[in-house]
Every structure is written in C-alpha cells, then in structure tokens.
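Here the structure comes first, spelled out in structure tokens, and everything after it is commentary.
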Amino acid sequence: MSPTLTDPEEIRAAFEVEMASRPGKLQKHVNRVERGASRLAAIHELDREVCTAAAAGHDLFRHCSDAELLALSRHYRVTIGRDEEDAPIILHGPLASAYSRDVLGVDHEIILDAIAFHTTAHPEFSAEALAVFLADKIDPRKVQRDPGLAAVAAAAEQDLHAAAALFLERRLSVQLNSGQTLHPLAVASRNAFLRRLT
Ligand SMILES: [Fe+2]
Ligand SMILES: [Fe+2]
C-alpha cells in the first residue's frame with residue numbers, strides 16, 4: 001500500500017516515476033503539456049503546482065490498446081458505459097485517475113478530476129483542470145498538425161471557458177458531421193462553458 005499523497009509536488013514526483021517507463025513519444029507530449037499548463041497557470045493566476053502535477057499524470061495509460069484499456073478498467077473498477085464501449089480510448093483518463101488514487105495513493109480531488117476528465121472535460125471543472133485540458137489540446141505538436149487549433153490556443157490566453165467551449169464545438173462538429181456518437185460529458189461541458197460566457 002502506497003502512502004497517501006496530498007502534496008502536488010509529491011504527486012508530480014510519483015507520476016514522473018511512472019512515466020519513466022512509458023514510450024518516449026508519450027513522455028515528450030506529457031512534458032509539453034506540463035509546460036503549457038504551467039504557462040496557462042501563470043497567465044490566469046492558478047495553482048501552478050496543481051496544474052503541472054495533473055498534467056504529469058494525465059496520460060499514464062494513453063499508450064494502451066483498446067483491449068488493454070478495457071481489461072485494466074475492469075480491474076480498477078472504472079465504470080464502462082456504452083460511450084466507453086464505442087470508444088475505449090476515453091477510458092485512459094478515468095483509468096489513470098483510478099490508478100493514481102488506488103495504487104499511487106493520490107488524494108487530491110482537483111488533480112484526480114483533471115486527469116479523469118481530460119478527454120471530455122467536465123461541466124464542473126476547476127480552473128486548474130481547464131488549464132490542463134487546454135494545455136493537452138493545444139500541445140504545439142497538435143497545433144502544427146491541425147492549424148485550426150491556433151484559435152483555441154489564442155483564446156486560452158484570454159479566457160479558459162471560452163477556449164474550452166471553442167475546442168469542444170470544433171470536436172463535436174467533426175464527430176457530428178462524420179456520423180460518430182457524441183460523449184454526453186463533452187456536450188454537457190460545452191453547454192456549461194458557453195453559459196459561463198453569457
Ligand atoms: Fe489523453
Ligand atoms: Fe495528452
């Protein structure tokens with residue numbers, strides 16, 4: 001049994017130990033997200049240590065196959081609904097959060113929620129979780145591949161809710177136009193963030 005971790009710096013250190021065994025490409029992405037989250041924390045006067053700790057742990061299981069994600073999620077008792085069966089990749093956030101809590105002993109609600117919902121976002125997201133969500137989506141490599149994300153990156157400097165709504169609208173539109181299902185949390189988050197702006 002791991003000791004209970006409540007200090008963001010200790011939590012980040014535990015995540016870094018875990019990440020050392022993950023693929024190099026994933027480690028580099030996570031490092032960029034940590035830097036991006038730290039930058040957004042500075043701009044929006046958020047808790048930088050909380051943001052970087054959540055960023056450090058957000059993709060602990062991003063390298064896993066669908067079959068591995070489903071098996072590990074069952075093992076760690078992560079809820080698997082129809083939306084997760086349709087797209088098991090969504091499980092990598094909730095799984096990382098459950099593993100962090102149960103195996104690494106992480107006891108920090110904001111960090112655990114930021115990790116769990118970093119794919120769909122969550123209507124009740126803290127500002128720190130929003131910063132991590134956006135830093136992940138506007139990883140400079142992703143903006144290079146999809147220049148449309150530059151508008152999200154620019155918006156993130158001004159208003160985290162506006163930027164997150166913009167990102168979700170883009171992604172939901174793509175999913176809608178290509179006949180894919182929409183994750184209800186992504187829709188609820190977009191609505192919640194939009195209401196914050198009016
Ligand atoms: Fe992820
Ligand atoms: Fe990521």
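Observations on the model:
- Region 87-110: number of residues that are in contact with a Gly (Cβ under 8 Å, 6 or more places away or on another chain), within 15 Å of ligand 1 (Cβ to nearest atom) and aliphatic (A, V, I, L, M): 1
- Picking from residues in region 35-51 that are under 20 Å from Asp7 (Cα atoms) and either hydrophobic (A, V, I, L, M, F, W, C) or within 13 Å of ligand 1 (Cβ to nearest atom) (or both), the one that is surrounded by the most Cβ atoms within 10 Å (Cβ to Cβ) is Cys51.
- Glu157 being closer than 29 Å to Glu10 by Cα, of a type outside the set (S, T, N, Q) and not in a helix (DSSP H, G or I): no
- Close pairs from region 57-82: first farther than 16 Å from Ala114 by Cβ, partner more than 16 Å from ligand 1 (Cβ to nearest atom) and of a type in the set (Lys, Arg), Cβ under 8 Å, at least 6 apart: Ile80/Arg74
- If you check Ala41, Ala37, Ala54 for being part of a helix (DSSP H, G or I), within 16 Å of ligand 2 (Cβ to nearest atom), touching a residue at least 24 places away in the same chain (Cβ under 8 Å) and touching a Cys at 6+ places or on another chain (Cβ under 9 Å), only one passes: Ala37.
- Remark: pairs (first residue in region 97-119, at positive phi; second residue of a type in the set (Val, Ile, Thr) and assigned to a loop (DSSP other than H, G, I, E, B); Cβ separation under 8 Å; 6+ apart in sequence or on different chains) = Gly105/Thr4.
- Subset of region 52-86 that is within 22 Å of Lys137 (Cα to Cα) and exposed (fewer than 15 other Cβ atoms within 10 Å of the Cβ) - its residue that is nearest to ligand 1 (Cβ to nearest atom): His63
- Residues of region 182-195 that are in a helix (DSSP H, G or I) and surrounded by 14 or more Cβ atoms within 10 Å (Cβ to Cβ): Leu185, Ala186, Val187, Ala188, Ser189, Arg190, Ala192, Phe193, Leu194.
No value in this document is a laboratory result; all are computed from the given coordinates. Note that the structure is a prediction, hence the values are computed from the model and not measured. FYI the Cβ positions are ideal-geometry reconstructions off the backbone, even for glycines, and counts take in every protein chain you see.
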